[in-house]
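The values are calculated or read from the model by the stated rules, or taken from the named source; none is laboratory data. No experiment lies behind these values; they were computed from the predicted model shown. Cβ placement follows ideal geometry from the backbone for every residue including glycine, while neighbour counts extend to all protein chains displayed. For accessibility, only protein heavy atoms count, side chains too; no ligands or nucleic acids. Shrake-Rupley method; radii C 1.70, N 1.55, O 1.52, S 1.80 Å.
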Amino acid sequence: MPRSAIPRVTLPNGITVPQLGQGTWRMGESPRTRRAEVEALQLGIELGMTLIDTAEMYGSGGAEEVVGEAIDGCRENIYLVSKVLPENATRSGTIAACEWSLARLGCDYIDLYLLHWRGGIKLAETVAAFQALMGEGLIRSWGVSNFDVDDMEDLVDVTGGDAAVTDQILYNLQRRSIEKSLMPWVQERGIPLMAYSPIEQGRLLRDPALNSVAARIKATPAQVALAWTLRRKDLIVIPKASSLQHVKENRAALEIELSASDLAALDRAFPPPDGPKPLEFL
Ligand SMILES: NC(=O)c1ccc[n+]([C@@H]2O[C@H](COP(=O)([O-])OP(=O)(O)OC[C@H]3O[C@@H](n4cnc5c(N)ncnc54)[C@H](OP(=O)(O)O)[C@@H]3O)[C@@H](O)[C@H]2O)c1
């Protein structure tokens, strides 16, 4: 079992959250796997991964129900993140979506509510809805997801748009495009990113270079991929695991420190971008 505490990342509103959390995409899709999913999330919570990311989209609400069951009795220890779909993100639609999410989660409030990706609805309208939800105490903060630099610039131009506390985006060894574009943009403004699909939904795990570093340091490829993202201390990382073994492995990834030669080997296999590049999506 890992011994050291999970490092924390400070959001622009001063709240600190664990750097390593838990994702829930593909949970809540089948009653057959529900118990295992609840138990995996509960083990993760015991191990300190108390930031849980979900969305109204996942399992058409089923993932929020799984999360609700997993956090029943320990809500105050959890930093709960959920998301509104772009097509629901009008002023009244966002409020209704949030109320439905809260009902499925069995909670009175969401800690961080995100716009899942940018759609056709004006950002000013969604921001106004987020402000209203904060006023009612139904959410404690808000942010965005899948926003590139141009979207972030449009957002901060909107009244109140500079209150976003994170941008949740795709980032892993294979998806480094933002290192010279979105990453410096948010760093300058003190907005931490939240990295989703940190092991590329498992597709990274067969890579020979990753496997060779993992074998050398006696870790698993997933742990090396996670340790590589966690090396950036201002990045929140949210792997999804529905097996107890994966949850334990992921928590233990925080104990791994990659050496300069490990990092150089990974850079050779997964080169950083040679200049500003657009954000990638899944
Ligand atoms: N904002 C967005 O648009 C967006 C998009 C994608 C994802 N997300 C969020 O980010 C979270 C993470 O991303 P993701 O689910 O796409 O992908 P991911 O975390 O990169 O990969 C999840 C997959 O990897 C497996 N896995 C986990 N730990 C492992 C380990 N130690 N060894 C081997 N396999 C392991 C899981 O298997 P088991 O489940 O069998 O353990 C699952 O199949 C999501 O769940 C979601 O909350 C957000």
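Whole-Hz ³J(HN,Hα) for each residue in region 55-71, computed from phi via Karplus 6.51 cos²θ - 1.76 cosθ + 1.60 with θ = phi - 60°, x for glycine and proline: what do you get?
6, 4, 5, 5, x, 6, x, x, 5, 5, 5, 4, 4, x, 5, 5, 9
Using the Karplus curve 6.51 cos²θ - 1.76 cosθ + 1.60 with θ = phi - 60°, what ³J(HN,Hα) values do you get for each residue of region 170-183, in whole Hz, with x for Gly and Pro?
Result, ordered by residue: 6, 8, 7, 3, 7, 10, 9, 4, 7, 4, 10, 9, 4, 4 Hz.
Looking at Pro192, Thr159, Val127, which one has the Cα that reaches farthest to the positive end of the dipole of region 107-198 (charges on Cβ: Lys, Arg +1; Asp, Glu -1)?
Pro192
Near Lys248, which aspartates and glutamates are there with a Cα under 15 Å away, not counting those fewer than 8 places off in the same chain?
In chain and number order, the partners are Glu37, Glu39, Glu46.
Scan around Leu114 for amide H atoms under 5 Å from its own, H built in the peptide plane at 1.01 Å from N, and keep only partners 5 or more places away or cross-chain.
Under 5 Å from the amide H of Leu114: Ser82, Lys83, Val84, Gly143.
Could you calculate the contour length gain from Glu29 to Leu282, that is, 0.36 nm times the residue separation minus the distance between their Cα atoms, to one decimal place in nm?
Fully extending the segment from Glu29 to Leu282 adds 89.2 nm.
Can you tell me the dipole magnitude for the chain around its Cα centre, using point charges on the Cβ only (Lys, Arg +1; Asp, Glu -1), in Debye to the nearest 20?
That gives a dipole near 960 debye.
Give the relative contact order (percent, whole number) for region 2-97; include only Cα pairs under 8 Å separated by 6+ residues.
Worked out over region 2-97, it gives 26 percent.
Can you tell me which of 236-244, 144-152, 183-191 comes out highest on packing, and rank the rest after it, using the mean Cβ neighbours within 10 Å?
For the peptides 236-244, 144-152, 183-191, the packing ranking is 236-244, 144-152, 183-191.
Which lysines, on any chain, are close to Lys180 with Cα under 22 Å apart, when same-chain ones fewer than 8 places away are left out?
Of all the lysines, those that pass the test against Lys180 - Cα under 22 Å, at least 8 places apart if same chain - are Lys233, Lys277.
Where does region 203-278 land on the Kirkwood hydrodynamic radius, alpha-carbon pairs, in angstrom?
The Cα-based Kirkwood calculation yields 13.2 Å.
Show the residues, 5+ positions off or on another chain, whose built amide H is closer than 5 Å to the amide H of Ala241.
So Ala241 has HN proximity to Gly23.
Along the charge dipole of region 28-102, which of Gly59, Leu43, Asn77 sits closest to the positive end, that is, farthest toward it, with unit charges on the beta carbon of Lys, Arg, Asp and Glu (+1, +1, -1, -1)?
Ranked along the dipole, the leading option is Gly59.
Specify the inter-centroid distance of region 247-282 and region 110-173, based on alpha-carbon positions, in whole Å.
Between the Cα centres of region 247-282 and region 110-173 lies a distance of 27 Å.
Considering region 8-56, what Rg and Dmax in Å follow from its alpha-carbon atoms?
Final numbers for Rg and Dmax: 12.8, 40 Å.
Quick check: net charge around Gly120, other residues with Cβ under 15 Å of its Cβ, Lys/Arg +1 and Asp/Glu -1?
Once positives and negatives cancel, what remains is -1.
Calculate, for the chain, the solvent-accessible area per residue in square angstrom, rolling a 1.4 angstrom probe over the heavy atoms of the protein chains.
For the chain, the per-residue accessible area is 43 Å².
Compute the semi-axes of the equivalent ellipsoid of the chain, taking the square root of 5 times each eigenvalue of the Cα gyration tensor, and list them largest first in whole Å.
One finds semi-axes of 29, 23, 16 Å for the chain.
For Val9, enumerate residues with amide H under 5 Å from its amide H, sequence gap 5+ or separate chain, H modeled in the peptide plane.
Answer set, sorted by chain and number: Val17, Gln19.
How many percent of the accessible area of the chain is carbon or sulfur, using a 1.4 Å probe?
Exposed carbon and sulfur together represent 51 percent of the surface.
Using only DSSP helix segments of four residues or longer, with each worth -39500 (n - 2.57), what per-residue ellipticity at 222 nm results for the chain after dividing by its residue count and rounding to 500?
-11500 deg cm²/dmol
How high is the relative contact order of the chain, given as a whole-number percent (alpha carbon pairs under 8 Å, six or more residues apart)?
Across the chain, relative contact order equals 20 percent.
Could you derive backbone 3J(HN,Hα) for region 96-112 from the dihedral phi with the Karplus parameters 6.51, -1.76 and 1.60 (θ = phi - 60°), listing whole Hz in sequence and x where the residue is Gly or Pro?
5, 4, 5, 5, 5, 4, 4, 5, 5, 7, x, 10, 8, 8, 10, 5, 9
Quick check: pseudo-label points 7 Å beyond the Cα along Cα→Cβ at Asp150 and Ser60, how many nm apart are they?
Going by the 7 Å Cα→Cβ label model, 3.4 nm.
Please figure out what share of the DSSP beta bridges in the chain is antiparallel and state it in percent, rounded to the nearest 5.
15 percent
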